[in-house]
Amino acid sequence: MATFITFQNKQKKKLPKEFRLDDNRNPESLVKYFLEKYTKKKDVVLDIFAGLGTTCFVAEKLGRIPFGIEYDGKRAAYIKSHLRHKENIINGDALKLLSYKLPPCDFCFTSPPYMSKYDKENPFTACTTKGDYQRYLADIRKIYSQLKKLLRPHAYAVIEVSNLKGKEVTTLAWDIAREVSKVLHFEGELVVGWKGKGGYGFGGTYGYGYDHSYCLVFNNRK
């Protein structure tokens, strides 16, 4: 497995105006890279934090069967409006993953909602409830414990995430890697270098003070 790859931080699909100020999508090229590496046509691809739908859109375009969970109702509706498999998008909570009766999955690719150690709102509820960083990490582990039961044996799950610069660095990527590795086998990280203008958060070509992020690769070993 490569340990460093580079992508342009560019989006092809234009968003409706209501989403443009909060555009934290992965580029389609990144999703395509992993789908072509770990899946084949007609495989079931799941995004448990579907966001604005990039994983689902790319999966469907490549002949995979997309499924997605998205907490925000407007975002879920937006994804449905652009997919043939509309019924596979659930406006729901990733912490209740097993309640949605999803099919066995061949691959999961997602980028979770980020949280710094100073934040006081819960990103898993779109910051509508209070939260704290340790609870966030515990919830990540709960979610992936449920995902393990959906993933086929030896299927892969990839998490795209960054550490966060603020008053101090929040080692978000490394903390998530530690929690999920208690559930799934951690195969290693792929460092993604981001080129081009743009970014989200604190600045830089990626955002959050960095020009790179991590794709954490896990396998559902028995």
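Some notes on this structure:
- Residues (among the aromatic types (Phe, Trp, Tyr), touching a helix residue (DSSP H, G or I) at 6+ places or on another chain (Cβ under 7 Å) and not in a strand (DSSP E or B)) located in the stretch 163-197: none
- Some residue of the stretch 152-161 being more than 24 Å from Val31 (Cβ to Cβ), touching a Phe, Trp or Tyr at 6+ places or on another chain (Cβ under 8 Å) and part of a strand (DSSP E or B): no
- Summed over the stretch 123-163, residues that are under 23 Å from Thr55 (Cα atoms) and either touching a Ser or Thr at 6+ places or on another chain (Cβ under 7 Å) or basic (Lys, Arg) (or both) total 10.
- Selected residue (only one of Gly188, Gly166 is closer than 24 Å to Leu30 by Cβ, small (Gly, Ala, Ser) and over 16 Å from the mean Cα position of the chain (by Cα)): Gly188
- Test: Leu52 is out of contact with any Ser or Thr (no Cβ under 9 Å at 6 or more places or on another chain), among the aliphatic types (A, V, I, L, M) and surrounded by 13 or more Cβ atoms within 10 Å (Cβ to Cβ): yes
- The residues in the stretch 133-168 that are surrounded by 15 or more Cβ atoms within 10 Å (Cβ to Cβ) and without any contact (Cβ under 8 Å) to a residue 24 or more places away in the chain can be counted, and the count is 1.
- Residue, surrounded by the fewest Cβ atoms within 10 Å (Cβ to Cβ), within the stretch 1-35, restricted to residues that are outside any loop (DSSP other than H, G, I, E, B) and at pLDDT below 80: Leu21
- Test: Val180 is touching a strand residue (DSSP E or B) at 6+ places or on another chain (Cβ under 9 Å), closer than 28 Å to Gly73 by Cα and surrounded by 15 or more Cβ atoms within 10 Å (Cβ to Cβ): yes
- Of the strands (runs of 3 or more DSSP E) that lie entirely inside the stretch 49-124, those containing 1 or more residues that are in contact (Cβ under 8 Å) with a residue 40 or more places away in the chain and either of a type in the set (S, T, N, Q) or more than 21 Å from Asn24 (Cβ to Cβ) (or both) span 105-110.
- Test for Gly92: is it surrounded by fewer than 15 Cβ atoms within 10 Å (Cβ to Cβ), under 18 Å from the mean Cα position of the chain (by Cα) and over 20 Å from Val158 (Cα atoms): no
The values are calculated or read from the model by the stated rules, or taken from the named source; none is laboratory data. Note that the structure is predicted; figures quoted are calculated from it, not measured. Cβ sites come from the backbone with ideal geometry, for glycine too, and all protein chains shown count toward neighbours.
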